[in-house]
Amino acid sequence: MTRPLRRRALAKLTALLFLALGLAWYFLVCRGAEPELQRLREQRAEVESALAEKQSQLLKIRRIEAELEAAKTEPGRYMPSYSAEDAEVLFLNRILKPALNYTLAFHPLSRDGDQVRRGFSLDFFAASHGDAAHIIQQLETGPCRCRVGDISCSPAPGQPEGTVSVSLNAVFFETLVGGQADAGLP
């Protein structure tokens, strides 16, 4: 029974063999690799998400570094040594020149380590909201460290139209470093 195969039968047998090999390859290799490919796709998505987050953090860090560099070149506000009350009163007198009238009252000093806080209350009349805002801005951005709070602004009774009455509390910050300590410290 060893009859030679005809060409046509041999071609069919070869095609059938290649088809069987292809199906075996698909089911064993391709379909077996699908879960691994899916896991790799998920890992890729996680890595891309983490990369986007890190890039966002890097942009924030670069922005902060740029702000710090810009702050280094700006003239800084210094914290004067204790006993700078005269300089602070002169500063207040200078910035309050546009005010129509003002009342200034200093509170008792408070101390935290080497830092001294000199609180004060300020009431003034200004010709307009713009003048009042300018005075407050000068307080906050002036050469002495000052924090302004508890601001109230209202139309001034008994004053010309547009005049505003402003009340605020603020604090000058001073340091004991380089200053003269005296009996007035808490």
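What follows draws every value from the coordinates through simple rules; no lab data is involved. Because the structure is a prediction, the values reported are computed rather than measured. Because the Cβ atoms are built from the backbone with ideal geometry, glycine has one as well, and the counts that use them run over all protein chains shown.
Numbers below:
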item	result
Ranked by how many other beta carbons lie within 10 Å on average, peptides 144-157, 14-27 from highest	144-157, 14-27
Label point distance in nm, LEU10-HIS107, each placed 7 Å from Cα along Cα→Cβ	10.8
Sequence ranges 126-134, 165-173, ranked by mean other-Cβ count within 10 angstrom, highest first	165-173, 126-134
Alpha-carbon gyration tensor eigenvalues x 5, square-rooted, for the stretch 1-74, Å	67, 12, 5
P(r) tail fraction, the stretch 85-175 - alpha-carbon pairs more than 18 Å apart, %	42
Estimated FRET transfer efficiency (VAL89, GLU67; beta-carbon r; R0 30 Å; 0.05)	0.35
